Structure formats: C-alpha cells, structure tokens
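The next block holds one structure in the form of structure tokens; read it before the comments.
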Ligand SMILES: C[S@@+](CC[C@H](N)C(=O)[O-])C[C@H]1O[C@@H](n2cnc3c(N)ncnc32)[C@H](O)[C@@H]1O
C-alpha cells in the first residue's frame, strides 16, 4: 500500500494528549538538535508498537523518540547510534556522570569572550564531563541553537546568547538513568540496522533528502548524505521486513522520498521546523513517515 492512506497499528493506540503531557516531564533531549523530533512525537508514538524487544535508533541526534519511549517503558533494551563521534562521546558522558557535566557547565560564563574560548577548545582533549558540558554550552549559547560543523569538522556557529541558560540537572539525571544498560555505538547506520532481529523495532531519522542537487554535505558533520546514502538507507530499511523487524522512518516529503519508499505504507504529516537560517522557512513543512 502506498500513498497517504494509513491505518494506525492496533497495538499502538495512544491516548489523546499523552505525548504533549509526557514530553514535558524528564527525561527529554538535553541538546537542541536540528531536525529533532520533539514536535512530531505524537505522530511518531502512534506508529510504534507497545512492546519492543530491542529498540534501535541508528540516527540518534538528540534522541527525542528514544526518551519518549524510555519513559513509557516501551522497550526491553536499546541500541543507539550516530556517526558523529563527538555526539556519541557526549551521550556516554551524560550516562556516566550527569552531576559532573552540570558542574563543568557552570564554570563557564555565558558571554561572548568566554563562548569563543570554549568553542576553540578541542573536545578530544577534554575529560568526558567537560566535553559534554562544552557541547551543551555551545548548543545553548550559540546562534539559534544550531549544531553545525564545517568540512574540517570544526564547530563554527557564532555567539548568539540572549538570556542566561540554567542547566537542567534533574533532566540530565533522568537521561542518565534511562541510559544505563543502553548500547551507544558510533558509526554508519547500516551495520547497526543489520543487528535487528524479529520483535525488535528500528526508528530511522536520517538527514533530510538534500534540498538541492548540489547540497551533498550535511550541516551535522560536514560529511555526505546525498542521494547514494538515501538509496542505501532505503534498501537497509526495506530489508528489515524480511527479518520480521518493524520500523519507522521519517524524511522530507518530496517526490524523491516517495519514490524511494514506493510500495510501503507511508503517511504525510505536518511538522514545525524551529531551526532554519531563514525565519520564513521555520513554519510547517511536510514530513513523510514510512512504516513496516
Ligand atoms: C535528523 S538528525 C536525527 C535527529 C533525532 N531524531 C532527534 O530527535 O534529535 C540525523 C542524525 O543522523 C546522523 N547521521 C548522518 N549520517 C549518518 C550515517 N551515515 N550513519 C549514522 N548517523 C548519521 C547525524 O549526525 C544526525 O545526528
């Protein structure tokens, strides 16, 4: 079945309003992530089975759906993955010691001079708590809450602080608590997706289909995620079905993504995008949800 017709799976009924209410309670993402899925949680949760053996999220980012499912106890185990090594190190540091991250964060004044000094630090040379604190600091004090790397892998967002950000220790502790016994991997999506077995569930939230034919490099890490990577992902996603693995995938609703997933169940929903350099493009846009 293709097109926009859609039946919510029988085992995934979600009481009206539950997503909005639960999302305000910790744990929720500790980073503001471009393409983060907090505003789409209601739609995503409706399409996730109630009981999952192992939950896989191969394009982790801020992990909005992971936290939403963790607080609902919807999975037994979880494997999280992103190809951004700094982001993975941040998640690992939060899991190990959220209090140390909060203490390190509070050491840096939230003003322009300090911001550029913190930005100039090499995260690889920092202790785990410091590198996680630095990522949250840059994320909250940088312009428009962006995380953007140049082609050399350097974080290049200018200072943009408006008001003082108070780190949310209660949330960091709740995030750490649901990360205990969770596997955090760092690499390409494909080997992680291959690990999923019958009864498991995979949620794929890749970089959007490139807005123009020349836009091959993502702002996440300056690495390519163009048409060849989208094609490779579509093949990996389709192969889940034969292994009786259920899955959900989100992407921009454009003719190319509809063609990639033709023949699978798909639906189009509206999502508010808060992060865009052009304020006029921060409104509602179409997002395609493909599910197995
Ligand atoms: C749209 S974001 C995910 C947002 C996330 N769902 C959230 O709620 O915050 C896409 C993520 O995919 C990661 N990524 C890009 N290419 C990848 C690849 N080949 N394998 C694994 N992760 C990749 C990026 O680093 C980025 O964090």
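FYI, it's all coordinate maths here, none of it is from the lab. Please read all numbers here as calculations on a predicted model, not as lab measurements.
Stretched out fully, how many nm does the piece from residue 190 to residue 235 gain, at 0.36 nm a residue minus the Cα gap?
15.2 nm
Once you order the gyration tensor axes a ≥ b ≥ c over the Cα atoms, which shape class does the stretch 147-186 get: rounded for a/c under 1.5, otherwise prolate or oblate by comparing a/b with b/c?
Because a/c hits 1.5 or more and a/b fails to exceed b/c, the stretch 147-186 counts as oblate.
Taking 8 Å as the Cα distance limit and 6 or more residues as the minimum spacing, I'd like the relative contact order of the stretch 86-174 as a percentage.
RCO, the stretch 86-174: 34 percent.
With the cut-off at 1.5 for a/c, could you classify the stretch 121-265 from its C-alpha gyration tensor as rounded, prolate or oblate?
Note, shape of the stretch 121-265 comes out oblate.
Can you tell me how much longer the chain between residue 165 and residue 268 gets when fully stretched, taken as 0.36 nm per residue apart minus their C-alpha distance, in nm with one decimal?
33.6 nm
Multiply the residue separation of residue 116 and residue 256 by 0.36 nm, subtract the distance between their alpha-carbon atoms, and state the gained length in nm to one decimal.
46.4 nm
How would you classify the stretch 86-174 from its alpha-carbon gyration tensor, with a ≥ b ≥ c the square roots of the eigenvalues: rounded for a/c under 1.5, else prolate if a/b is greater than b/c, otherwise oblate?
Verdict is oblate for the stretch 86-174.
Using only the Cα atoms, work out Rg/Rh for the stretch 34-123, with Rh taken as the Kirkwood radius, to two decimals.
Taking Rh as the inverse mean 1/r over Cα pairs, Rg/Rh reads 1.06.
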